[in-house]
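Here it is: the structure, laid out below.
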Amino acid sequence: MRYITFRDLQEKLGGRSRSSLYRDLELGRLPQPIKFGSRVYWKESDIDAALEALAE
């Protein structure tokens, strides 16, 4: 299981802006992050699954 940072998520999604990513989180298009201290991370497998679901 690999965790990715916000910057990694931006790169994975083609350099989308911070506001666009947070909008997608609010609308449920992307899974919510996991918080470790003051930092947020996403499971890469959850992001991949969400992208596949959106593509269908």
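For residues in region 41-54 being exposed (fewer than 15 other Cβ atoms within 10 Å of the Cβ) and either outside any helix (DSSP H, G or I) or within 11 Å of the chain's Cα centre (by Cα) (or both), which is modelled with the lowest pLDDT?
Filtering region 41-54 for residues that are exposed (fewer than 15 other Cβ atoms within 10 Å of the Cβ) and either outside any helix (DSSP H, G or I) or within 11 Å of the chain's Cα centre (by Cα) (or both), the one modelled with the lowest pLDDT comes out as Leu51.
Of all residues in region 15-40 being among the hydrophobic types (A, V, I, L, M, F, W, C) and more than 11 Å from the chain's Cα centre (by Cα), which is nearest to Ile4 (Cα to Cα)?
Out of the qualifying residues, it is Phe36.
Six or more apart or on different chains, Cβ under 9 Å: which pairs go from a residue in region 25-38 that's within 17 Å of Glu52 (Cβ to Cβ) to one that's of a type in the set (Asp, Glu) and in a helix (DSSP H, G or I)? Could you list them?
Leu30/Asp24; Leu30/Asp46; Pro31/Asp46
If you check Arg23 against the conditions, is it at pLDDT 95 or above and surrounded by 10 or more Cβ atoms within 10 Å (Cβ to Cβ)? Reasoning before the result, please.
Numbers: at pLDDT 95 or above: yes; surrounded by 10 or more Cβ atoms within 10 Å (Cβ to Cβ): yes.
For Arg23, the condition - at pLDDT 95 or above and surrounded by 10 or more Cβ atoms within 10 Å (Cβ to Cβ) - is met.
The values are calculated or read from the model by the stated rules, or taken from the named source; none is laboratory data. Given the structure is predicted, the values throughout are model-derived calculations rather than measurements. Neighbour counts are summed over all protein chains in view; Cβ atoms, including those assigned to glycine, are modelled from backbone coordinates with ideal geometry.
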